[in-house]
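Single-structure report; data block below.
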Amino acid sequence: MVLQYLLDCISGTLAADPPLALPPDSRRSMSNASEIVTIVLTADTPYTLQKHLNERISTESWSKDLATAVLHGLESAIKAGTQMAKASLDALTQAKDAAIGFAKDYHFYATLIALGILAILMPWALEILGFGELGPIEGSLAAGWQSKYVGYVPKRSLFSYFQRLGMKWHWDV
């Protein structure tokens, strides 16, 4: 259904009950509108969106027909998106249930997967906490924690362990 709305928008055909009536001689406007709606829906950054829209729209080319066609295309895409939200939620629920079932049935494999994920995320988490390559990062949680030791960090403390990891286990991401 989503694809049908997008195809209708791109090809210039209308749904059975359009919210706004379009004049029959607006085929050129529909073609421009489908290009504009496609740009709006697929733009990856605001800058890209502005650049592409500036190339396609000028004050002379904008018309009531074009505005109506763009509005209809965006409305159809939004309606299709809300219909997809339910399907996405259902898929997420099924995936969560499957993951929980897997973890209950296969404790060992679930533990290995969790440890692997932790190993991948550890350098990022250490940096977020403030354990940098050259020591605690100024103004971070790690710096505040180190100040509690008043110049003396005990051997084998959790702080010293995290700092050692932060200094040795960094990845250039």
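Kindly indicate the residue of region 159-173 that is in contact with a helix residue (DSSP H, G or I) (Cβ under 9 Å, 6 or more places away or on another chain) and open to solvent by 60 Å² or more (accessible area, probe 1.4 Å) and also modelled with the highest pLDDT among those meeting that condition.
To start, the set of residues in region 159-173 that are in contact with a helix residue (DSSP H, G or I) (Cβ under 9 Å, 6 or more places away or on another chain) comprises 159, 162-163, 165-166, 169-171, 173.
Imposing the further condition that a residue be open to solvent by 60 Å² or more (accessible area, probe 1.4 Å) reduces the set to 169-171, 173.
Numbers: 169: 73, 170: 61, 171: 55, 173: 48.
Within region 159-173, the match that is modelled with the highest pLDDT is 169.
Enumerate the pairs (first residue in region 39-66 and at pLDDT below 75; second residue anywhere and exposed (fewer than 11 other Cβ atoms within 10 Å of the Cβ)) with beta-carbon separation below 8 Å, excluding pairs fewer than 6 apart on the same chain, so at least 6 apart or on different chains.
Hits for this filter: 65/23.
The values are calculated or read from the model by the stated rules, or taken from the named source; none is laboratory data. Everything numeric here is computed off the predicted structure, so don't read it as measured data. Cβ: placed from backbone, ideal geometry, glycine included. Neighbour counts: every protein chain shown. To get the accessible areas, we keep the full protein, side chains included, count just its heavy atoms, and leave off ligands, DNA and RNA. Shrake-Rupley method; radii C 1.70, N 1.55, O 1.52, S 1.80 Å.
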